[in-house]
Amino acid sequence: MKCLELLELLNHKTKVILLSLLFLFFNGFAVNIKLKQFSKVETQNIYLKDISYIQAKNQDFKQFLQNIVIDKSPPPQKTKLITKKQIIEKLKNYHLDLSSIRITGNKTLVLSDFRELPLDKVKKDITSFLKKHVQNIKIQSINITSRKLFVPSKYKTNIHIRSKTGNYIYLDYIVSFNQKSIKLPISVQYSTVKTVVIANKYIPKGKKISQEDIKLIKMSNVRDEFIENIKQAVGKIAKVNIKANSPIKKYYLKPDFLVKKNDKVKVIYSNKVIRVELIGQALENGEKGQIIKVKNISSGKKIKCKVIDRKTVLFIGN
């Protein structure tokens with residue numbers, strides 16, 4: 001079995017001592033640690049590799065030295081001074097033969113290179129996310145907790161919707177770095193956007209609404225009284241003067257009844273062979289295309305008819 005395979009069976013402290021002895025036996029005095037004058041860190045701990053240049057012939061031993069934790073990192077945007085004495089004390093904890101390791105330089109000034117997460121970026125990310133995943137809403141406000149969040153230069157973000165009400169969406173803005181994740185709770189106030197019918201131009205009272213008189217636009221805070229379908233407006237009569245570009249409310253319009261209740265109407269019966277016309281009495285109001293009840297005056301029977309023109313209906317059945 002190879003030496004390194006044997007090391008895997010030993011505990012950590014024993015492995016370190018044996019690795020050090022093996023290194024010294026085969027390589028002699030060949031470790032140089034040169035301290036940097038200044039270093040930036042983006043992790044919670046300061047490692048020896050962060051504050052020094054390490055030269056060693058044995059790559060396994062070099063990797064071991066690189067990953068020795070010297071101290072905790074300073075707070076975001078703050079500095080901490082690491083001295084040669086501190087490093088020597090850390091190396092002693094691993095029972096290393098310091099006579100075989102040369103350390104040059106006296107100290108390193110370490111800066112925690114974390115910066116405050118810009119709230120403008122968070123809002124921009126939230127807006128893009130909602131635009132893609134939640135349809136037909138208009139954002140009124142994005143409310144972010146006042147907690148400051150510091151991040152390194154490289155980090156990942158993810159957004160998760162926790163819940164949604166008629167006026168608010170509650171999200172978690174998740175920031176991940178250095179194998180940890182931080183949640184930033186966010187609430188978004190919104191209004192629902194719907195399509196509504198508006199006057200394309202001025203519509204005077206009494207005018208019959210045509211397709212050219214109206215158009216659809218998207219609006220937030222739509223009321224139930226607004227008309228949302230063009231078919232609900234075309235063919236109706238304006239009960240009031242309607243200004244251009246104003247939403248059309250349901251009570252602005254009234255039906256254009258081609259047949260009114262109690263009207264004497266022409267009833268047409270037609271098939272491939274014969275066509276018969278007779279006189280009936282409308283029992284209901286009717287717009288074009290509507291099915292209404294009509295009384296056959298000669299027989300007194302009630303029949304179903306389709307309104308096809310003014311005071312004219314087509315017999316469709318008893």
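Quick rundown of the values:
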| quantity | calculated |
| --- | --- |
| Segment 53-111: chymotrypsin sites (Phe, Trp or Tyr not before Pro) in DSSP coil with no more than 10 other Cβ atoms inside 10 Å | none |
| Loop GluC sites (Glu not before Pro), segment 182-234 (other Cβ atoms within 10 Å of the site Cβ: 12 or fewer; DSSP) | Glu225 |
| Residue-span extension gain [Lys148 to Lys301] - 0.36 nm each, minus C-alpha spacing | 47.0 nm |
| Segment 264-317 - charge dipole about Cα centre, Lys and Arg +1 at Cβ, Asp and Glu -1, debye rounded to 20 | 80 debye |
| Separation of the Gln281 and Tyr251 label points, Cα + 7 Å toward Cβ, nm | 3.4 nm |
| Kyte-Doolittle mean at least -1.0, axial Cα span of 20 Å or more - DSSP H helices of the chain | 12-27, 119-133 |
| Of Gln211, Ser270, Val197, farthest towards positive along the dipole that unit charges on Lys, Arg, Asp, Glu beta carbons give the chain | Ser270 |
| Segment 30-55 and segment 193-228: distance between their alpha carbon centers, rounded to Å | 70 Å |
| Neighbourhood charge, 15 Å Cβ-Cβ cut-off, centred on Met219 and excluding it, Lys, Arg +1 and Asp, Glu -1 | +3 |
| For Ile144, net neighbour charge (Lys/Arg +1, Asp/Glu -1) across residues whose Cβ lies under 15 Å away | +3 |
| Whole-angstrom gap from segment 251-318 to segment 79-98, using each part's C-alpha centre | 103 Å |
| Calculated [θ] (222 nm, deg cm²/dmol) that DSSP helices of n ≥ 4 give over the chain, each run adding -39,500 (n - 2.57) | -5000 deg cm²/dmol |
| Top of Glu116, Glu42, Glu284 by mean-square fluctuation, Gaussian network on the chain, Cα under 10 Å | Glu284 |
| Isotropic mean projected area of the C-alpha convex hull, the chain (nm²) | 33.4 nm² |
| Student exercise, segment 203-255 dipole from Lys, Arg, Asp, Glu Cβ charges, in Debye to nearest 20 | 180 debye |
| Label point at Lys261 placed 7 Å out along Cα→Cβ; residues across segment 280-318 whose backbone nitrogen lies under 11 Å | 283-286 |
| Ellipsoid equivalent to segment 99-198 - semi-axes via the Cα gyration tensor, in Å | 43, 12, 11 |
| Residue among Val240, Val222, Val196 with the largest mean-square fluctuation in a Gaussian network model of the chain, springs linking Cα atoms under 10 Å | Val240 |
| Which of Ile316, Ile242 has the fewest Cβ neighbours within 10 Å, and the rest in rising order | Ile316, Ile242 |
| Neighbour-count order for Ile217, Ile291, Ile51, fewest beta carbons within 10 angstrom listed first | Ile217, Ile291, Ile51 |
| Check: the chain dipole with +1 on Lys, Arg Cβ and -1 on Asp, Glu Cβ, in debye | 1740 debye |
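Coordinate-derived values only; no laboratory data. What you see is a predicted model, and the numbers here were worked out from it, not measured in a lab. For neighbour counting, all protein chains shown are included, and Cβ atoms are generated from backbone atoms with ideal geometry for every residue, glycine included.
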